[in-house]
Structure formats: C-alpha cells, structure tokens
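Each value in this text was obtained by applying a stated rule to the coordinates, not by laboratory testing. Small disclaimer: the values here were computed from a predicted structure and weren't measured. As a convention, Cβ positions derive from the backbone with ideal geometry for all residues, glycine included, and neighbour counts pool all protein chains shown.
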Amino acid sequence: MTEPLLGIGVVRHRRLRPVAHAFEYPSCFVLLPLRRLREVPSSALPRNRFGLLAFHDRDHGDGRDDCLAWLDALLAAEGIEAPGEVWLHCYPRVLGYAFKPVSFWYCERANRSLAAIVVEVHNTFGERHCYLLDGPGLGYGRELTARKAFHVSPFCALEGRYRFRFLRCDERSVVRIEHDDDTGPLLVTSISGRLAPLTARSARAAVLAMPWMSFAVIVRIHWQALKLWLKRVPFVRKPAPPQHVVTR
C-alpha cells in the first residue's frame, strides 16, 4: 500500500526512577509516502496550506519547502542509497498548529527493504537533532540503538543511549523507545495506533475526536514537567546543542 495513512492510537510514557511516573494520552499521526505524494498529491491532506488536518514541509528537516529534498541530501551525505519510498511518520498540523517532539523517516531501497531510519527530534527550546539508524541489523521488530546526544527533558542528563524498536504491518504501527542512562533503564515510551487510509472523512473524524491535540502536546509536556518538579526529580541545566545535526 502506497497511499497516505492515518493512525489513531495512544502515546504512553513511563519513568522508572528516581520516582515512578507514568501517563498516556490519545493521539493521532500520519504515515506519508513522500515520493508517491510528489507525483500524486493527497486530496485529503492539504500541504503547505491551512486545513483541519494538514502537513507542512517546513515543520521538518532544515525548514525548506521540500522536506524530502532535505532527507535525500542527508542520506547522500552519509553515503546511504534509498531510492525507494520514504515514509514519514509524524504528527500533522491540527487547525494550523503542530509541535512535533519526534518524527520517524522510514527510507526504503528499490526492493522495499529498509535502508535507514531517521529519528527527528525537536525540543521545546526550538532545537532539533536527528539520529540516523542503518547497518546490517536494521529492520522492523529488531532492537536498534543510538547514543543520546541531544537534550530533550530538563529531568534527564545528557548521557546513556536509546533503544528503538519499530513494528509495522498493514493494520498497525508501534514505535517503542527506551532510554537507558549510565545506571540502567530510565524511561520507556511508545507511540502506537491502528492504521487506515487517510481520507477527507477520516481526517474530519480525527479532528472532531481530538480538536486540540496539537495544542495539547505542548501543554501536556509542561504539565508533566511540573509534576516531576513537584515530585522533586532533580533538574538538569540545559547543555549546548551538539555541533552536528546528525548522530549515527
């Protein structure tokens, strides 16, 4: 299937220490075949213009008008060939607004096997960083790792590593991210949802069900931070961002 997809599901987050803390929220995301959309734009998803549910290229990469061109340039600079489809898993804009803490680029070879996965992270300070996952162990269902190089939460030090696991079939998508610091497992996060074709009708239904989802993402981030502060979880001062945009 190479048509745009809409995922309806839930985001879960659990902190293991120094105090237990967990939450989950309903969520929706889009899974977009960007090469296909260059040839056949989606009538259900306005692009680079306002819509109830919309997608803007400049929300990704380096902010240019064609985010796929940015992705292709990044892969070429890293010596990765991915001429097949590029699927972007991200939050859409809802009612014109979006904050996208994390997005996932699934980059395929011509035979549809995975050549790379790019994990694009944005923090609340307006900074971004990408983790490039590739190599012989790459694949759905396999554990992939990356050294933590980018500050996201003021309650996590810039140390340790991420462990990623991506699961996808025609009906469902699951992304699981675990953060281990120098002591051991610290955080477990998952983003999951049932997939269905993205149509004008399904987009309207998603907006009616979660009209303030995009605004709620940033509000919930600060609300959960307040809860951690009240629980006296140690506060970590923000370090300087990494010199390189990509960690491999």
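On the basis of being of a type in the set (D, E, K, R), farther than 22 Å from I8 by Cα and crowded, with 18+ Cβ neighbours inside 10 Å, does D134 make the cut?
On the way: of a type in the set (D, E, K, R): yes; farther than 22 Å from I8 by Cα: yes; crowded, with 18+ Cβ neighbours inside 10 Å: yes.
So D134 passes the test.
Would you call R112 surrounded by fewer than 16 Cβ atoms within 10 Å (Cβ to Cβ), touching a residue at least 12 places away in the same chain (Cβ under 8 Å) and not in a loop (DSSP other than H, G, I, E, B)?
Judged against the criteria, R112 is not a match.
Quick one: how many residues across segment 30-66 are in contact (Cβ under 8 Å) with a residue 40 or more places away in the chain and more than 18 Å from the chain's Cα centre (by Cα)?
9
Quick one: which of A216, A240, A206, A225 is outside any loop (DSSP other than H, G, I, E, B) and either exposed (fewer than 12 other Cβ atoms within 10 Å of the Cβ) or in contact with a Leu (Cβ under 8 Å, 6 or more places away or on another chain) (or both)? Please lay out each step first, then the result.
On the way: A216 fails: either exposed (fewer than 12 other Cβ atoms within 10 Å of the Cβ) or in contact with a Leu (Cβ under 8 Å, 6 or more places away or on another chain) (or both); A240 fails: outside any loop (DSSP other than H, G, I, E, B); A225 fails: either exposed (fewer than 12 other Cβ atoms within 10 Å of the Cβ) or in contact with a Leu (Cβ under 8 Å, 6 or more places away or on another chain) (or both).
None of the others qualify; the one that does is A206.
With within 21 Å of I191 (Cα to Cα) and of a type in the set (A, V, I, L, M, F, W, C) as the only criterion, which of L31, L75 stands out?
So the residue among L31, L75 that is within 21 Å of I191 (Cα to Cα) and of a type in the set (A, V, I, L, M, F, W, C) is L31.
Considering only residues that are over 20 Å from the mean Cα position of the chain (by Cα) and touching a residue at least 24 places away in the same chain (Cβ under 8 Å), which ones fall in segment 184-200?
P185, T199, A200
With the requirement that a residue be under 18 Å from the mean Cα position of the chain (by Cα) and more than 24 Å from G139 (Cα to Cα), what does segment 67-99 give you?
Hits for segment 67-99 are P92, R93, V94, Y97, A98, F99.
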